[in-house]
Each structure stands twice: as C-alpha cells, then as structure tokens.
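Take a look at the structure set out below.
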Amino acid sequence: MICDDIAGFAAALPPMRAIMGLDLGDKTIGVAVSDGMRAVASPHETVRRKKFGVDAARLLEIVAERDVAGIILGLPYNMDGSEGPRCQSTRAFARNLERLTELPIGYWDERLSTVAAERALLEADATRKRRAEVIDNIAASYILQGVLDRLNYMKAAQ
C-alpha cells in the first residue's frame with residue numbers, strides 16, 4: 001500500500017517494528033534500517049542494481065531478516081520543489097514494489113541527503129574509495145532518520 005503522506009504511513013505501521021529507508025540511484029540502492037523503537041536509523045547495505053526483480057528480491061530478504069514494518073523511499077524533488085524524471089522513476093519503483101509486498105510504502109523529501117552524507121563522510125576523513133562504497137546507505141540513513149524524527153514528533157504532539 002502506497003501512502004501519500006507521512007500521517008497515512010504512520011497510521012498503517014504496526015508498533016515496535018523497524019522501518020527501512022531506501023535511497024534509489026541509477027546504479028545502486030542505499031538501504032538503512034531503524035531499530036524496533038524507531039529512534040535511530042542505521043546504514044545497512046548498498047544493493048548493486050541489476051533488474052527490478054533481483055533488486056526487489058534482495059530488499060524483501062532484508063525486510064524478512066530485520067522484521068521491517070514499512071518502507072520509505074527518498075523522493076528526489078528538484079530544488080524548486082517540482083518533480084522531475086527521477087521522481088517519476090522512484091514512484092514507478094514503488095508501484096512495482098507494492099505488487100510484491102503488503103507493507104506500507106511512503107515517500108520522504110530527500111533533497112540534499114546525499115550532500116549531507118558526503119559532508120559527514122568528509123568530516124570523518126573517509127577515503128574517496130570508502131565514500132563511494134557507503135555514500136548511498138549513509139544517504140538512506142539521513143532519509144530514514146528524517147522520517148523517524150517526524151514520526152516521533154507526531155506521536156509526542158498527540
């Protein structure tokens with residue numbers, strides 16, 4: 001089930017289970033997973049893209065291994081807030097994934113998540129090679145942490 005907003009996504013989630021965040025790239029998919037309390041997002045792995053079926057199978061393996069309750073996809077809006085071809089590609093990926101799982105799927109604005117991840121890796125003095133290996137799953141962590149923070153804020157406001 002694809003949720004149009006974060007409130008709908010939150011309503012569809014069962015309590016005390018992890019959420020998975022994805023940063024979809026042309027060549028890789030960065031994967032991050034939260035803890036069961038939904039407080040902290042951690043980088044999990046970078047999936048090298050092949051075909052959709054192979055990619056989805058690996059993602060669903062992670063869902064099963066980590067007892068994931070929902071999936072968040074970073075939505076790469078243009079800086080002016082408009083949706084370009086990458087947003088359309090992300091939405092198509094979500095529609096295809098929706099056919100394979102009953103988990104709620106949501107979107108999160110990912111503008112500048114890769115920039116923030118790159119800065120963090122530079123500050124950590126990571127080598128160029130190491131940055132290239134982990135940038136996508138670090139970006140997925142930034143996306144997922146934004147969602148977790150929003151969900152916790154919504155819960156506190158109730």
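Looking at (1) closer than 16 Å to Leu148 by Cβ; (2) within 16 Å of the chain's Cα centre (by Cα); (3) of a type outside the set (Ser, Thr, Tyr), find the lone condition where Ala12 falls short.
(2)
Kindly indicate whether any position in the range 72-85 is modelled with pLDDT of 90 or more, on the phi > 0 side of the Ramachandran plot and buried (at least 19 other Cβ atoms within 10 Å of the Cβ).
The answer is no, given that none of the residues of the range 72-85 is modelled with pLDDT of 90 or more, on the phi > 0 side of the Ramachandran plot and buried (at least 19 other Cβ atoms within 10 Å of the Cβ).
Restricting attention to the range 101-130, report how many residues are surrounded by 11 or more Cβ atoms within 10 Å (Cβ to Cβ), farther than 22 Å from Met20 by Cβ and at pLDDT 65 or above.
1
Could you list, in sequence order, all residues of the range 7-44 that are more than 18 Å from Phe93 (Cβ to Cβ) and part of a loop (DSSP other than H, G, I, E, B)?
Leu13, Pro14, Pro15, Met16, Arg17, Asp35, Gly36, Met37, Arg38, Ala39, Val40
Report, by residue number, each residue of the range 12-42 that is surrounded by fewer than 18 Cβ atoms within 10 Å (Cβ to Cβ), of a type in the set (Asp, Glu) and touching a helix residue (DSSP H, G or I) at 6+ places or on another chain (Cβ under 8 Å).
Once the filter is applied, which keeps residues that are surrounded by fewer than 18 Cβ atoms within 10 Å (Cβ to Cβ), of a type in the set (Asp, Glu) and touching a helix residue (DSSP H, G or I) at 6+ places or on another chain (Cβ under 8 Å), the range 12-42 yields nothing.
Kindly provide the set of residues from the range 86-102 that are part of a helix (DSSP H, G or I) and not acidic (Asp, Glu), ordered by number.
Answer for the range 86-102, where residues must be part of a helix (DSSP H, G or I) and not acidic (Asp, Glu): Arg86, Cys87, Gln88, Ser89, Thr90, Arg91, Ala92, Phe93, Ala94, Arg95, Asn96, Leu97.
Taking the criterion of being in a helix (DSSP H, G or I), surrounded by fewer than 17 Cβ atoms within 10 Å (Cβ to Cβ) and touching a helix residue (DSSP H, G or I) at 6+ places or on another chain (Cβ under 9 Å), would at least one residue in the range 45-52 satisfy it?
yes
Got a sec? Which of Glu65, Glu98 is surrounded by fewer than 16 Cβ atoms within 10 Å (Cβ to Cβ), at pLDDT 80 or above, in contact with a strand residue (DSSP E or B) (Cβ under 6 Å, 6 or more places away or on another chain) and under 21 Å from Val33 (Cβ atoms)?
Being surrounded by fewer than 16 Cβ atoms within 10 Å (Cβ to Cβ), at pLDDT 80 or above, in contact with a strand residue (DSSP E or B) (Cβ under 6 Å, 6 or more places away or on another chain) and under 21 Å from Val33 (Cβ atoms) holds for just one of Glu65, Glu98, which is Glu98.
Right, Glu65: among the acidic types (Asp, Glu) and assigned to a strand (DSSP E or B) or not?
no
The values are calculated or read from the model by the stated rules, or taken from the named source; none is laboratory data. What you are looking at is a predicted structure, and each value in this text was computed from that prediction instead of being measured. Note that we place each Cβ from the backbone using ideal geometry, even for glycine, and neighbour counts take in every protein chain shown.
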